[in-house]
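The values are calculated or read from the model by the stated rules, or taken from the named source; none is laboratory data. Quick caveat, the model's predicted, so the values are computed rather than measured. Note: ideal-geometry Cβ built from the backbone for every residue, glycine included; neighbour counts use all protein chains shown. For accessibility, only protein heavy atoms count, side chains too; no ligands or nucleic acids. Shrake-Rupley method; radii C 1.70, N 1.55, O 1.52, S 1.80 Å.
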Amino acid sequence: MNEKIKVFDEKMGKSVDSLKEEYSTIRAGRANPHLLDKLRVDYYGTPSPIQSVANISVPEARVIQIQPWEAKMIKEIEKAILASDLGLTPSNDGKVIRLVFPELTEDRRKELAKDVKKKAESTKVAVRNIRRDANDVIKKAEKAGEISEDEQKDIEEEIQKMTDKYIDLIDKEAEAKSKEIMTV
């Protein structure tokens, strides 16, 4: 029966990993190269990640520097950044593209913190749905006579402990990201 529980544990873990990934794309006033992870540029007719056509660095706290390996990629990279929802305007000197992150206003910080909480809540809902699915599987196994009623109760307790652990982890992630955003 533990194999079945492991599947649900993995699903809950993936939900938290997905949340962490989403948080890495939220701008906190500091330059974070992961903001560019989802952007694709046209490289000889193939949509490619910016990281595969350029060197990305953070020379200062609020600047991302993108140095394409081929000069002709500058226009493509700029086009991808302008078309994205980053809200940044790239500047280039013919060899290097710079993205300068403006300081976030207090209102924008609060807005981002609310967004962080919303994402955390929807991840908690996902984890609770996984718990419900796990409990359904256990109840069916008990009805089918695969496990006893005592085993069912023990397994349900184990699932609840697992759920509590992931909910706590989600809260910690959300708190850390909110703190990062609100730090000036």
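Looking at (1) open to solvent by 40 Å² or more (accessible area, probe 1.4 Å); (2) outside any helix (DSSP H, G or I); (3) closer than 26 Å to residue 180 by Cα, can you tell me which one residue 34 breaks?
Single failed check for residue 34: (2).
Which one of these is within 20 Å of the chain's Cα centre (by Cα), under 30 Å from residue 132 (Cβ atoms) and free of Cβ contacts under 8 Å to residues at least 12 places away in the same chain: 20, 14?
14
Starting from region 139-165, take each residue that is within 15 Å of residue 7 (Cβ to Cβ) and in a helix (DSSP H, G or I) and list its partners that are open to solvent by less than 90 Å² (accessible area, probe 1.4 Å) and polar (S, T, N, Q), counting only C-beta distances under 7 angstrom and pairs at least six apart or across chains.
Final answer for the pair search is 159/135.
Which condition does residue 77 not pass, out of (1) at pLDDT below 85; (2) surrounded by 14 or more Cβ atoms within 10 Å (Cβ to Cβ); (3) hydrophobic (A, V, I, L, M, F, W, C); (4) more than 19 Å from residue 22 (Cβ to Cβ), if it passes all the others?
Condition not satisfied by residue 77: (1).
Take the residues in region 137-165 that are among the polar types (S, T, N, Q) and modelled with pLDDT of 90 or more; name whichever of them is most open to solvent (accessible area, probe 1.4 Å).
So, considering only residues that are among the polar types (S, T, N, Q) and modelled with pLDDT of 90 or more, the one most open to solvent (accessible area, probe 1.4 Å) is 160.
Given 109, 128, which one is open to solvent by less than 80 Å² (accessible area, probe 1.4 Å), touching a helix residue (DSSP H, G or I) at 6+ places or on another chain (Cβ under 8 Å) and assigned to a helix (DSSP H, G or I)?
So the residue among 109, 128 that is open to solvent by less than 80 Å² (accessible area, probe 1.4 Å), touching a helix residue (DSSP H, G or I) at 6+ places or on another chain (Cβ under 8 Å) and assigned to a helix (DSSP H, G or I) is 109.
Anything in region 1-52 that is acidic (Asp, Glu) and within 30 Å of residue 73 (Cα to Cα)? List them, or say none.
Passing the criteria: 21, 22, 37, 42.
Could you give every pair whose Cβ atoms fall below 7 Å, whose first residue belongs to region 72-97 and is farther than 14 Å from residue 31 by Cα, and whose second residue is modelled with pLDDT of 85 or more and open to solvent by 90 Å² or more (accessible area, probe 1.4 Å), counting only separations of at least 6 or pairs across chains?
80/40
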